1. Filtering the range 134-162 down to residues that are farther than 20 Å from Lys97 by Cα and within 11 Å of the ligand (Cβ to nearest atom), which residue is nearest to the chain's Cα centre (by Cα)?
2. What about Thr49, is it more than 16 Å from the ligand (Cβ to nearest atom), within 30 Å of Ser163 (Cα to Cα), modelled with pLDDT of 95 or more and loosely packed, with under 12 Cβ neighbours inside 10 Å?
3. With the requirement that a residue be in a loop (DSSP other than H, G, I, E, B), farther than 22 Å from Asn61 by Cβ and touching a strand residue (DSSP E or B) at 6+ places or on another chain (Cβ under 8 Å), what does the range 91-113 give you?
4. Given the conditions (1) part of a strand (DSSP E or B); (2) within 11 Å of the ligand (Cβ to nearest atom), report the number of the one that Tyr116 does not fulfil.
Amino acid sequence: MTKQILSVLALSFLLSSCGGGESKATEETVSEEEVVVEELATDENEPLTVLIEANDQMKYNLSRIDASAGQEITLTLKNVGEMPKASMGHNFILFQKGVDVQAFAMEAMNAKETDYLPSSLMSDVLAHTSLLGPGEEETILFNAPDEAGPYKFICSFPGHFASMQGILFVQ
Ligand SMILES: [Cu+2]
């Protein structure tokens, strides 16, 4: 008895999926996809604007940025905290692919006089802001690398690297 009912249900499903309405829906879906692809292609040539906020809880408000190869990026880092710069300053440092960011963060702790940017390791850096105090913001312009892949970014203020990091995905 149960088996019979299932067979009928299966048959009616097959019939309905062969109906004219179904193929019309498929056509509509395809044309929507074409529009989306076109929009993405246009966006790749336009500059990308990114706003990152850094706070007193040692957090960025985003941990992922997506860009296309070579895309022009206008990035603003804003320190939305209230604590003094000397105890809660923030920066944004974007690295070349494959850099040991933990080693960089360790070296940065000894570079207070250069706002935690160790001069011996600056060849690891693709782009960076300066160290910002409460309420300060800075905008930097750079191009996404031409090579696809993940590129890490961190705040190099002592002790912040573990909770203030993210990835720029280039494709
Ligand atoms: Cu920080």
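The values are calculated or read from the model by the stated rules, or taken from the named source; none is laboratory data. Source: prediction; values computed, not measured. Here Cβ is always computed from backbone atoms with ideal geometry, including for glycine, and neighbour counts include all displayed protein chains.
1. His160
2. It is true that Thr49 is more than 16 Å from the ligand (Cβ to nearest atom), within 30 Å of Ser163 (Cα to Cα), modelled with pLDDT of 95 or more and loosely packed, with under 12 Cβ neighbours inside 10 Å.
3. Residues satisfying the conditions are Gln96, Lys97, Val99.
4. Only one criterion in (1) part of a strand (DSSP E or B); (2) within 11 Å of the ligand (Cβ to nearest atom) is unmet by Tyr116, namely (1).
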